[in-house]
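Q: First the structure, which I've put down as structure tokens, then a few questions once you've had a look.
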Amino acid sequence: MNTLRLVGTEVSALGAAALSLPLRLVVSRESFDPVAPHRTPVVLVHGFFGDPTNFLLLRSYLATSGIRNFTTFAYPPRIDYQRLAARLGREITSLCLATGATEVDIVGHSLGGLVGRYLVEMWPEMPVRRLVTLGAPYFASPLPAQELSVFAAHDPFIPLPHPVYGPHAAHVAGGGGVAVIPDCGHWGLLYHRAVLQEVTRFLRVPEAAVGLAAPPLALDVAS
């Protein structure tokens, strides 16, 4: 991808994120619809220096597919993801008690993805059905079985997983695994159409089709 074009795309993504900040009041008015086509709440976790409004486009895209129950996990800039994960777990427990939901899905960008992954790995009893991470930091270990991990080919912060040393998905669960978006940067993961489509597909796969779904977008990037 042309360097100037990539820079322009990232700047545009950052601009969109900044322009969305005044819409915080819209994000704060969240409700749970027990008769929504997709009942499972989606917990959105922003990244370091991020904001709940970062997910406005994704929320809109998911809503057109019947996924309309959202809640956000917000936090001030900090990097102690272990404590953030424990706090996220408490909020998920409270959400399930308040709504009657038996499980949730998590979508996390950057550090938010690491927070969600750490929660799933350290507290496997947590009612997390599916986990989506967008440009999340990782260690050389298998990814949780219920995770779809999406990376940007031109991310200046998070390197792509090594093809041999990983990390790799433990096994395919509901079409999960590792997906690479070739013409995208770190912030672009929040707005890229291929990402929106892939996240929607993954969250909408019926439970009966787990392991039978088409594999996720996984594009080989040579550069």
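The values are calculated or read from the model by the stated rules, or taken from the named source; none is laboratory data. For clarity, every value in this text was computed on a predicted model and none was experimentally measured. Glycine gets a Cβ as well: all are built from the backbone with ideal geometry, and neighbour counts include every protein chain shown. To get the accessible areas, we keep the full protein, side chains included, count just its heavy atoms, and leave off ligands, DNA and RNA. Shrake-Rupley method; radii C 1.70, N 1.55, O 1.52, S 1.80 Å.
Q: Can you pull out the GluC sites (Glu not before Pro) in segment 59-140 whose DSSP state is coil and whose Cβ has at most 15 other Cβ atoms within 10 Å? Walk me through the numbers before you get to the answer.
A: Numbers: sites: E91, E103, E121, E125; in loops: E103, E125.
When the GluC sites (Glu not before Pro) of segment 59-140 are filtered for loop state and at most 15 Cβ neighbours within 10 Å, E103, E125 remain.
Q: Once amide H atoms are built 1.01 Å from N in the peptide plane, which residues 5 or more positions from L143, or in another chain, come under 5 Å H to H?
A: The list, which skips near neighbours in sequence, is H168, A169, A170.
Q: Assuming a ≥ b ≥ c are the square roots of the Cα gyration tensor eigenvalues, decide whether segment 64-213 counts as rounded (a/c under 1.5), prolate (otherwise, with a/b larger than b/c) or oblate.
A: Taking the square roots of the gyration eigenvalues as a ≥ b ≥ c, segment 64-213 is rounded.
Q: Using modelled amide H (1.01 Å from N, peptide plane; none on Pro or chain starts), what sits under 5 Å from the amide H of C184, excluding residues fewer than 5 places away?
A: Result for C184 returns A153, H154.
Q: Long-range amide H contacts for F70: which residues qualify at under 5 Å (H placed 1.01 Å from N, peptide plane, sequence gap of 5 or more or a different chain)?
A: S31, V42
Q: Here's another thing I want to ask about it. Among 129-138, 195-204, how do they line up from the highest to the lowest mean number of other beta-carbon atoms within 10 Å?
A: Ranked from most to least packed, the peptides come out as 129-138, 195-204.
Q: Rounded to whole Hz and in sequence order, give me ³J(HN,Hα) for segment 150-157 from the Karplus expression 6.51 cos²θ - 1.76 cosθ + 1.60, θ = phi - 60°, writing x for Gly and Pro.
A: Residue by residue, segment 150-157 yields 9, 10, 9, 5, 10, 7, x, 9 Hz.
Q: Can you give me the solvent accessible area of Y81 with a 1.4 Å probe, rounded to the nearest 10 Å²?
A: Probe radius 1.4 Å; accessible area of Y81 about 40 Å².
Q: With a ≥ b ≥ c the root eigenvalues of the C-alpha gyration tensor of segment 28-108, is it rounded (a/c under 1.5), prolate (a/b larger than b/c) or oblate? Provide the component values of the computation, followed by the final result.
A: Working: a/c = 2.46, a/b = 1.34, b/c = 1.84.
It is oblate, given that a/c is not under 1.5 and a/b is not larger than b/c.
Q: Turning to a different aspect of this structure: Please sort by residue number the trypsin sites (Lys or Arg not before Pro) in segment 78-124 whose DSSP state is loop and whose Cβ has at most 12 other Cβ atoms within 10 Å.
A: Here the trypsin sites (Lys or Arg not before Pro) that fit, given the DSSP loop and packing criteria, are R78.
Q: How high is the FRET efficiency from I79 to D33, r the C-beta distance, R0 35 Å, rounded to 0.05?
A: Computed FRET efficiency for I79 and D33 comes out at 0.50.
Q: Rounded if a/c is under 1.5, else prolate if a/b is larger than b/c, else oblate: which is segment 132-204, with a ≥ b ≥ c the root eigenvalues of its Cα gyration tensor? List each step's numbers first, then the result.
A: Details: a/c = 2.14, a/b = 1.09, b/c = 1.97.
Since a/c reaches 1.5 but b/c is at least a/b, the shape of segment 132-204 is classed as oblate.
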